[in-house]
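First up is the structure itself, then whatever we jot down about it.
The values are calculated or read from the model by the stated rules, or taken from the named source; none is laboratory data. Small disclaimer: the values here were computed from a predicted structure and weren't measured. Note that each Cβ is placed from the backbone with ideal geometry, even for glycine, and that neighbours are counted across all protein chains shown. Just the protein is used for accessible areas: all its heavy atoms, side chains included, with ligands, DNA and RNA removed. Shrake-Rupley method; radii C 1.70, N 1.55, O 1.52, S 1.80 Å.
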Amino acid sequence: MQKIGVFVCWCGSNIAATVDVKAVVDAVSHEPGVVYATDYQYMCSEGGQSQIRQAIKDFGLTGIVVCSCSPRMHESTFRKTAISAGLNPYMVEIANIREQCSWIHKDREDATEKAIILARTAVAKLNLNRPLTPGESPVVKRALVIGGGIAGIQSALDIAEAGYEVDIVEKSPTIGGKMAQLDKTFPTLDCAACILTPKMVDAASNENINLYTYSEVEDVSGFVGNFTVKIRKKARSINADICSGCGVCTEKCPSRKAKDEFNMGLSNRGAIYIPFAQAIPNVPVIDREQCIKFKTGKCGLCEMNCPAGAIDFKQQDELVERQYGAIIVATGFKPISLENFDEFSYSQCPDVITSLELERIMNAAGPTKGKLLRPSDNTPPRTMVFVQCVGSRDTSGCGKTYCSKICCMYTAKHAMLIKEKYPDIDVHVFYIDVRTPGKNFDEFYRRAVEEYGVNYIKGMVGKVAERNGKLLVQGSDLLADDQIIIEADMVVLATAIEPDESARNLATMLTASIDTNDFFTEAHPKLRPVESPTAGVYLSGVCQGPKDIPETVAQASAAAAKVIGLLAKDKLRSNPCVASSNEMLCNGCSTCENVCPYGAISYVSKEIRSAGKMEVRRVAEVNEAICQGCGACTVVCPSGAMDLKGFTNKQIMAEVDAICR
Amino acid sequence: MYTAEREMTENVLRISNVNTRKCMKCGKCSGACPAFDKMDIHPHQFVSMVEKGDIEGLMNSKTLWSCLSCFACVERCPRNVEPAKLIEAVRLSVIRKQGENRLKADDIPVLLDDELPQQAIVSAFRKFSK
Amino acid sequence: MSIEKTEDSNFEPLIVAFCCNWCSYAGADLAGTSRLSYPANVKIIRVPCSCRVNPMFILRAFQRGADGVIICGCHPGDCHYSTGNYYARRRMTLLFSMLDYLGIERGRTRVEWVSAAEGVKFSTVMNEFSKTIHELGENKKLRDLRCKEFLD
Amino acid sequence: MQRIFGLIKDRVGALLADGTVDRVIGWEKGEFLYDHTPAIFNAEDDLVDLVYDGFCASNLSKYLIDESKKDGKILALLKPCDTYNFNQLIKEHRINRDNVYVLGIECRGMLDIDKIRALGIKGIEKVEEQGDELYIQTIYGDKTCKRNEVLLEKCINCKGKEHVAYDELVTSGEDIPQVESNRFEDVEKLEAMTSDERFAFWRGELSKCIRCNACRNVCPICSCVECVFDNKDSVVASKANTDEFEENLFHIIRAFHVAGRCTDCGECSRVCPQGIPLHLLNRKIIKDINEFYGEYQAGQDTNSLGPLTDFTKEDVEPSIITEKGGEK
């Protein structure tokens, strides 16, 4: 039989005002198992806690019941008190006689009687408590970063800096992500490549970082501290070790029809190509749909001309399986498709382009070698119109309901760069609101207006139509309460951004929660923005929500700090109130396995002695590190073999009996 | 206090089933409106006027009858505000005040002329048949 | 039984509430901190998730003298364990249908989804439920379903 | 029934002889002509005791749980309704599939001896089955009756003549008329009653229970390694009749343990010595599952998720019961 001490708190007057504390102490002292009962003004105070410690020593208590405020307030406090007095922290039960009794019942007699019943229930439960020790699971000292953009690279660099091994998995042939496609970056107008490529080179040369480019995550299993991930290294058809990156093959390749994804389809590329000059790793890849050798078996010019003989048409995909302690999602974003926005006739007129396409046109390594030319006839434009919020802040279902956050700034950047290089071009910007909420952001936008004379029009474009080579942009000018038509040479749409298409099934693989816009949901929007509710999964960059490069880098380092904090531990303590199966009663029927949301239950065949002889039986086994203790399995188990520590069937039945006695 | 104006606004909102508060004042409706120049009050102003309760102003405006009911503003509005329906509702309020002056179906052929686009005929019929 | 159960109006129903730790228990706490009142005869048992409530607990409560049992959980979709309340929803629907089939008054059992922010809803639900049980009177049927005599 | 029995006997004999199976589970004569009991035949010449006629209602799939654990292959004679239980037990990994050779045997519907007696036919010595006619020799002379008049409750509501699991089928080729019936008729009748009438009905029925556990011991699904009612430190069990809980609510708890897994094979009602219509409890849950979550027949396949271990985001709310209206 247990030796239980009951400590009833006054909580100043919060409890004592409507509950006769002395009566509770008196009533509960007759309960079976109770050897000591007392009350005190503030149980959670130092004085109260020392009283508990003293009582544990004096009476050799095996368990304590504290009748006080909600366990969600001070359960951890009283568990620490128990530990300091040498008592197992899970031999502590709390009776909530404040939020669920004294504060809601005005009648003193009712409140006291209910407090007695609640105290009796807690004692009944404690009688059946058993000491529990939190389980421990090892931590694999390696992190995985999914996505090789600036977010992934920054996180990887920080983790490698702390001395831990990091793998970056990037699905395109090179790391660098969207930032590599940009020309200049706001608000400082420094060139994207200049600040990105050094970090890419660091990532490639850092001995703690392994790059898996042209690879995708295929399967994730396991749990925090011990993830098992299968990575598919897609076949480049080039032996990366021998290839020197000279690029001769890319020039010799006859198949020129493929659209260059890096240049947003504004120029073509060969079937064998290196995405851009500073690509890391600087190894080409063969696009098997375009390659004549793969389609018809003829050609093979690249193989003939390759000085190093690195071309290998027989190369197959490779499946790699590795263990990780933590996973950072850095899958980034892409502009939305504009098929629902025919009013801008994006697909009909080549001169109506998205901002990312404009980045490539203005980029020195871009299709026009940096000269601002109209894609239709390669002539310099005289008038340009920028349209903001295309597809953003749209609840009509065609676009996205949220504000994409970065368009106002990059449009101001574009306008300023164009006016600086070609002062005689008229630049108009149709805007709803200009949102510049950052350090030096608004000053940057005002420079575009005041120094460079960009014409900002408060209003929206209703229609863009092509008439004899010119684009007629019809829009409203709300301040002038007028409808204006601008004859433009080029129209740039500030398109909304959405998460990368790989986000949805990656979330299911990681059992990480994801919202209706496919952004990963953070554990807490304000207090835990870089963690996913799924333990061990961290979020870095736009996969968690629209953000610009400064914020992405900040979040990348934050996620890295969290991962370093996790990898620094050798062991992870897990919640001890988890399910456990009694192998003598288990039918091995897999019903519990079907309802477990975390896949924590697996089946093994075990030698069991039953009815005098040894018998091999299929029994359930709970992985205590993954199980979160929800209890779904305990109810579907007909024989009661599966039970939940801390909330066992007998404990809850005892509570029900104590209440209904 | 519950003035007649308040009641009329309630009426317009009920008939049109439009929630004027959803409008974010982007002006795309005015940008897309083909009859913009013939209007004294422009589409983006319908919504704010109804919001303010100034139905009177809309009733006496030229816009009420120059709106083609082509629904371009409804099609292009990013917030599903449907400004054209407000015009229809205000038209109803006007017609209900004036009493009966229906246009019979068989009166129409004589009023037609060939250049009128199909859409204009439909919206004319709807306008005058109320 | 501590207090004598009498037939007339001052009958005090005994209600057992199973509240899930993450949402409805927190909702109950919020009702407390906002000093909203509901009858004292509602006693709350904390369970990790609404899917932890085994029909046996509910039948035990009724058989041991409870007059009403209410199960509170997170709103479907918000469950801390992602799918717990979906299973609970199915199981409770079948259980309530079975109890009704056996002739137990339909109002005696109830499921309510209460989030951690819905203190007001928690107290209104408890007040409503307590009133319904008060109207239904004392639970005799489930106490003696198999015994021959009937506690008239 | 004679023709099919002959075919079965030959086929079983052949399979035993050529070693595909080591032993056979079937039925042998019981003490009376109507209570054939399951039996295991290890050699060909034991087959002389094998019988198969209108009184082999018992469901052999339950025995396969233990039998399939032993080494060697066992041939099981399974009627169509038994194969549903067989599938359900395969799904729950209780039967080792490769140790069982399922011989699906044709079934015209099994007879209920009480119904025969209720027709006033006493002193039965022999029953001859010719298609739909029964020629019964009694000490008071020969009597005849229609087969469909004396079918077991579970055969009136037969779930269909196709086997859902078999390695080989033995059929006589005759077409067997499918008895038209509304399986949920009795459940609907009960549902139509007022709650007090229903309570009186169930109190009357369940208080007849003498806790002989026949229903639990015959139910193929209710076959836990150690049943919660036998396990002394489970929350429920109490051998001595000290605690009303177990007494009152044994049936509801058992109904819930098999909910979503019960194939409605009707054995529990057939074997109940007190004649309690226990199948009406399970059938009510099946009717609810069909109504709320879509048609589901346990044992139809061996991989689908049972209704209580599955969910959809759009399931009905439990309040659908409490607001069903009608008398409280």
Can you give the log10 of the normalised intensity I(q)/I(0) at q = 0.17, 0.28 Å⁻¹, computed with Debye over equal Cα scatterers of the range A:248-305? -0.52, -1.22
Percent relative contact order for chain A, counting Cα pairs under 8 Å at least six residues apart, stands at 13
Mind ranking A:606-619, A:210-223 by how tightly packed they are, going by the mean number of other C-beta atoms within 10 angstrom, highest first? A:210-223, A:606-619
Rolling a 1.4 Å sphere over the protein heavy atoms, what is the accessible area per residue of the protein assembly as shown, to the nearest Å²? 41
Once the Cβ-Cβ distance between A:T228 and A:D481 is put in as r, and R0 is 60 Å, what FRET efficiency do you end up with, to the nearest 0.05? 0.40
Sorted peptide list for A:137-144, D:46-53, B:22-29, D:123-130, criterion being average Cβ within 10 angstrom, highest first: B:22-29, A:137-144, D:46-53, D:123-130
Under a point spin-label approximation (7 Å from Cα along Cα-to-Cβ), what is the D:K126-D:D71 distance to one decimal in nm? 4.6
Among D:V12, D:V228, D:I90, the residue whose Cα sits farthest towards the positive end of the charge dipole of chain D (+1 at Cβ of Lys and Arg, -1 at Cβ of Asp and Glu, taken about the Cα centre) is D:V228
Charged-residue dipole, Cβ positions (Lys, Arg, Asp, Glu), chain D about Cα centre, Debye nearest 20: 440
Dipole check, chain D, charges on Cβ (K,R +1; D,E -1), about Cα centroid: among D:C268, D:P318, D:S195 the Cα furthest to the positive pole belongs to D:S195
Regarding the protein assembly as shown, what whole-number volume in Å³ per residue does the convex hull of its Cα atoms give? 283
Under 18 Å between alpha carbons, and skipping anything fewer than 8 positions from A:K571 in its own chain: which aspartates and glutamates qualify? A:E136, A:E165, A:E624
Radius ratio Rg over Rh of the range A:488-617, counting only Cα atoms, Kirkwood formula for Rh: 1.20
Grab the other residues whose beta carbon is less than 15 angstrom from that of D:D53, score K and R as +1, D and E as -1, and report the net. -3
For chain C, set up a Gaussian network in which alpha carbons nearer than 10 Å are linked by springs, and say which option among C:G65, C:G119, C:G103 fluctuates the most. C:G103
On a 20 Å Cα-Cα criterion, which of the cross-link pairs A:K259/A:K295; A:K178/A:K230; A:K334/A:K400; A:K22/A:K106 come out too long? A:K178/A:K230
Residues of the range D:73-107 buried by at least 30 Å² on assembly (accessible area, 1.4 Å probe, chain alone as reference): D:E92, D:H93, D:R94
Taking the dipole about the Cα centre of the protein assembly as shown, with the C-beta of Lys and Arg at +1 and of Asp and Glu at -1, give me whichever of A:I608, A:A111, A:A556 is farthest to the positive side. A:A556
With only helices counted (DSSP H, runs n ≥ 4, each -39500 (n - 2.57)), the per-residue ellipticity at 222 nm for the protein assembly as shown, to the nearest 500, works out to -9500 deg cm²/dmol
First measure r as the distance between the Cβ atoms of D:V271 and A:N505, then evaluate 1/(1 + (r/R0)^6) with R0 = 41 Å and state the FRET efficiency to the nearest 0.05. 0.20
Sort C:79-91, A:526-538, A:482-494 by the packing proxy (mean of other Cβ within 10 Å over each peptide's residues), most packed first. C:79-91, A:482-494, A:526-538
Given the options C:M56, C:M92, C:M126, which has the most mean-square fluctuation in a GNM of chain C, springs set between C-alpha atoms less than 10 angstrom apart? C:M56
Straight-distance crosslink candidates among lysines, where the alpha carbon sits under 17 Å from D:K161 and sequence neighbours closer than 8 are dropped: D:K79
Could you tell me the extents of chain D's C-alpha atoms along the three principal axes, largest first, rounded to whole Å? 60, 50, 43
Is there a simple number for the mean count of other chain Cβ atoms within 10 Å of the Cβ of residues in A:118-127, and what is it? 1
List the lysines whose Cα sits under 18 Å from the Cα of A:K298, skipping any in the same chain fewer than 8 residues away. A:K252, A:K257, A:K314
For the protein assembly as shown, percent of DSSP beta bridges that are antiparallel (nearest 5) comes out at 50
Among A:K606/D:K70; D:K159/D:K313; A:K526/B:K25; A:K650/D:K91, which pairs are too far apart, with a Cα-Cα distance over 21 Å? D:K159/D:K313; A:K526/B:K25; A:K650/D:K91
Can you give the direction-averaged projected area of the convex hull of the alpha-carbon atoms in the range A:173-306, in nm²? 10.8
Computed on Cα atoms, the radius of gyration and Dmax of the range C:41-104 in angstrom are 12.3, 35
Would you mind computing, in nm to one decimal, how far apart the modelled labels at D:H93 and D:V48 are, each placed 7 Å from Cα along Cα→Cβ? 4.5
Report, to the nearest 10°, how far helix D:195-206 tilts away from the longest principal axis of the Cα atoms in chain D, using its own Cα long axis and a range of 0 to 90°. 40
Would you rank A:L572, D:L169 by solvent-accessible area, highest first, keeping every protein chain in place and using a 1.4 Å probe? D:L169, A:L572
Given B:K28/B:K97; D:K69/D:K208; A:K413/A:K470; A:K199/A:K547; A:K419/B:K28; D:K143/D:K189, which pairs have Cα atoms separated by over 30 Å? B:K28/B:K97; D:K69/D:K208; D:K143/D:K189
Quick shape summary for chain A, equivalent ellipsoid via Cα gyration tensor, semi-axes whole Å in descending order, reads 61, 34, 21
Counting only other chains, what is the mean number of Cβ atoms within 10 angstrom of the Cβ of each residue in peptide A:65-71? 2
Which helices count as membrane-span-like in chain C under these terms: full DSSP H, at least 24 Å along the axis by C-alpha, Kyte-Doolittle mean of -1.0 or more? C:84-101, C:119-136
Distance in nm between label sites at A:L189 and D:D301, each 7 Å beyond Cα in the beta-carbon direction? 6.5
On average, how many beta carbons from a partner chain sit within 10 Å of the beta carbon of a residue in B:67-77? 2
Counting Lys and Arg as +1 and Asp and Glu as -1 over every other residue whose Cβ sits under 11 Å from the Cβ of D:D142, the net charge comes to 0
Give me the one-decimal Kirkwood hydrodynamic radius in Å for chain C, with the sum taken over alpha-carbon pairs. 15.9
Can you give the FRET efficiency to the nearest 0.05 for D:K313 and C:T33, using r as the Cβ-Cβ distance and R₀ = 22 Å? 0.10
Using alpha-carbon pairs under 8 Å, 6+ residues apart, how would you state the relative contact order of the range D:13-65 in percent? 33
